[in-house]
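For reference, the structure discussed in these notes is given below.
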Amino acid sequence: MKILVVDDERDIQTLFEQRFRKEIRSGEMNFVFTYSGEEALTYLTQHVSEAVLILSDINMPGMNGFELLKQIKAKFESPPPIVMMITAYGDSENYKLAMSLGADDFLTKPLDFSLLKEKLKHITHDQDPGS
Amino acid sequence: MKAYVSFAIFCLSILLCAECFSQDSTSAVFQLDSLPANGIELNKGWKFHEGDDTAWKDPHFDDSRWQKADLSNPNSYLPAFGKRGIGWFRLKLSMDSSLRANPVALQISQLGAIELYVKNSLLVSLGKMNAAGLIQTNDSHGKPFLFQGNLGGDTIILAVRYASPVARPTWLLTFAKPVSLKIIPWVNAVNNYKAALLEPRLRIGTSFMAIAMGLLFIMLYTFFPKEKVNLLFGVFCLFLGMLPVLFFQLREGNLNMNMFGWTSFAVDLANKICATLILVIISVEVLGKVTLFQYLLIGFILIGESLLFLTLGPSKILQTLEVIAQILLAVELFRLSVAAFKQKNFIIGLIGFGPLLLTLAVLLVIWKLLPLGSARFYFTINSFLFFAAITIYIASKYARKSNGWLHQLDETRRLAAINIEKEKERQHMLESQNEMLENQVKERTAALTESLAELKETQSQLIHAEKMASLGELTAGIAHEIQNPLNFVNNFSDVNAELIDEMNEALDKNNLGEARSLSYDIRENQEKISHHGRRADSIVKSMLQHSRASTGQKESTDINALADEYLRLSYHGLRAKDKLFNATLITDLDSTVGEIMAVPQDMGRVLLNLFNNAFYSVFQKKINLEQKKATDQPIGYEPTVWLSTTSKKDAVEICIRDNGLGVPQKILDKIFQPFFTSKPVGHGTGLGLSLSYDIVTQEHGGTLKANSVEGEYAEFIITLPIEP
């Protein structure tokens, strides 16, 4: 499964690559990293329907996570990718807003990778019962 | 005017009547019946012939064909005088027997030389003459010559040989009668003669007085050039004084008739001027002007009479007119004197009376009520009065003037004293007012000083509050800032923990390659942990810096780093406050901008403030637009904040620009004022820009400028000198 990660912190890439070392090696997961909302949209436009899951930070300069969420939900409907928001702001207001904008899930930083892995497993099972 | 005219006519008639008392002019014999005390003039009944012949002294000579002559009227014989100017007069004198008893005298006065023959013998000889004419004149001054009445019978023939001085025109001779004989009782004649002898002395005395007066007046004039009247009087008096002397000198000795005549004329005129001058002075004093009547009168007296005399000679008409004029003058003076007395101007009144008295005397003489000698006396008195009057007049005028001046001086002194008093009063008042005002000012200043102290206290409190508030804003942002590094520290630590387990597993399996590969990963992660740890550390440090009170110490500061840091601080701080807050950050940092001497905390506060304002502005604009829009269409507004640094000559420029609400032109110059804010109450102290301005300009010696278009953008440019 192709996962698009959107976060302005570059070290996120290293972290994900370390944490999903096994999954990347096994080819179970495939990560693409973009560092801004605009980059993410560009990628999605260029690689339509490739990413099935988008993990996006909310706090980003320029287009923030919510904006990106709106854009994704507006522009990429078939099939609609799953979007999970990752953010340091873990309060209920942010959660409500994310949900209202159509986010599929809401994760808080610092990332709990085991939890993340759990959620991703469910998705892969949902997405592709065969694999 | 009516009164004058009637008066004049009255006088004229009296004069004409007076004439009637004289002898009948037609009789050939001069009949002397009675002899009045003042004598009788032998004027009528003479026969005259021009020329010279000794035969004519004979009493028996037949003079019936000779022309008649009236000695009192020179015109009756003078024209007939020939070139030589010698002529003979003959008179038949018949004296009454009653007169023969008492001694009788002949008084002769003449201009020229005279020889009186009675009964063919020379009785009286005055002056010198020869066949050619007059040699020398001799004025007898009225010396009486004893005339024996009983010289042979009742009728006596008087033969007079007369040599006249030559004069052109002949009327010059008429100032004094060329020939005049008088019969007078001896005793009276002697008395008259004695009086007459005194006369020159009197005259000379008067002259000297006049000259002295004249000099005095001229001296006065030199002291007071303003009073021109002094000069006038001086010159006139001198003239008046010198003329008679000249006149009487001319009468003696060799007579230059022309000069004599003209001098006599001048003396006469001078006397007239005297009288008219008095009139003018008095009129000016009493009435303040000269009336038309007076002008006419003066004109007649001075000009009219002179012209008449020059053309007609001494005629009865002229004499009459002269008397009338004099009477009119006297009456006018009388009128003015009375008016002067009414005005309490006694001096002027007295002056006016002088000529009046003289006129009266003249009239009395004409009416033969006064002897001629006394008339002379009155004339002298008049002259004296004239001078006295003028002197008194001028003296009184001066006295009045100086009194006036003294009075004015006193007034002035008094007013000056009053003025000084008032000035002193005013001074006192001003001083007391000043004191009062001073006290008031002191009180108010004290009150103001108190208020000022209070306000300063409040202001520092507010600044402190502002700093605290900005610090509060920071903490949220900083807290968030720390989260990210901490996130990585924890995660990478966890990852490393897993990797170490895997490494151990690999080592257990003796998979060295795998183990080494893993160790590289571990090392990489370790570096990241260190990096992010240090990052968190620096964030905390900078937060501590902010909370520390600024020391004002300048340090070498990396402007780009400072600006970037605070940009992010501001951004995260605001995002922490408001979840929906979002904006695009565009940075353009000039790499040639290095380090400059600055107080990092304070500069950071400035940048933070500007960033906060920028973010707030763009966020507000977005909210406004979203509220206004009708549909769910995207508003197309991208809230953006630009940060750019530029290296300039001797300075560094930091530009912070946003596309938010902008600032209206009207308040653009006010935004740096303390407590000026566009935010609602409770959302800002209004001190941010004011503090920022002070920090940039006063602490760092730079400039802070704002540009804006309302609704479009706002731009703040900080310029910091490299050399502070």
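Odds and ends about this structure:
- Interchain or long-range residues, amide H under 5 Å from B:Thr584's placed H: A:Gly62, B:Thr640, B:Val641
- Other protein chain Cβ atoms within 10 Å, averaged over every residue that makes up B:584-591: 2
- Protection proxy ranking, peptides B:700-708, A:63-71, average beta carbon neighbours within 10 Å, highest first: A:63-71, B:700-708
- For B:Met95, B:Met242, B:Met603, B:Met429, order by how many other beta-carbon atoms lie within 10 Å, fewest first: B:Met429, B:Met242, B:Met95, B:Met603
- Share of pairwise Cα separations in the range B:637-724, more than 19 Å, in percent: 45
- This ranking places B:Glu514, B:Glu115 by how few other beta-carbon atoms lie within 10 Å of each, fewest first, which gives B:Glu514, B:Glu115.
- ³J(HN,Hα) computed for each position of the range B:396-404 - Karplus, 6.51 cos²θ - 1.76 cosθ + 1.60, integer Hz, glycine/proline x: 5, 4, 4, 4, 4, 4, 5, 4, x
- Backbone phi angles across the range B:225-241, fed through the Karplus curve with coefficients 6.51, -1.76 and 1.60 (θ = phi - 60°), yield HN-Hα couplings of x, 5, 8, 5, 4, 4, 4, 4, 4, x, 4, 5, 5, 4, 4, 4, x Hz in residue order; Gly and Pro are listed as x.
- Of all lysines in the structure, those lying under 21 Å Cα to Cα from B:Lys442, and not within fewer than 8 positions of it along the same chain, are B:Lys456.
- Distance violations [Cα-Cα > 26 Å] among B:Lys528/B:Lys554; A:Lys96/A:Lys121; B:Lys467/B:Lys666; B:Lys621/B:Lys705: B:Lys528/B:Lys554; B:Lys467/B:Lys666
- The average projected area of the range A:2-127, computed from the convex hull of its Cα atoms over all directions, is 7.1 nm².
- Reachable aspartates and glutamates from B:Lys289, criterion Cα separation under 15 angstrom, eight or more residues apart if same chain: B:Glu332
- Dipole magnitude of the range B:499-602 about its Cα centre (Cβ charges: Lys, Arg +1; Asp, Glu -1), debye to nearest 20: 460
- For the listed residue pairs B:Lys577/B:Lys629; B:Lys401/B:Lys424; B:Lys579/B:Lys628; A:Lys75/A:Lys109; B:Lys44/B:Lys119, the alpha carbons are over 29 angstrom apart in B:Lys401/B:Lys424.
- Mean per-residue shielding of peptide A:64-73 is 2, counting Cβ atoms of other chains within 10 Å of each Cβ.
- Counting Cβ atoms of other protein chains within 10 Å of each residue's Cβ and taking the mean over peptide A:13-24 gives 4.
- Sorted by Cβ density within 10 Å, fewest first, the residues B:Glu524, B:Glu411: B:Glu411, B:Glu524
Taken together, the values in this text are just the output of simple stated rules run on the coordinates, not laboratory data. These figures come from a predicted structure and were not determined experimentally. Positions of Cβ are generated from backbone atoms using ideal geometry, with glycine treated the same way; all protein chains shown enter the neighbour counts.
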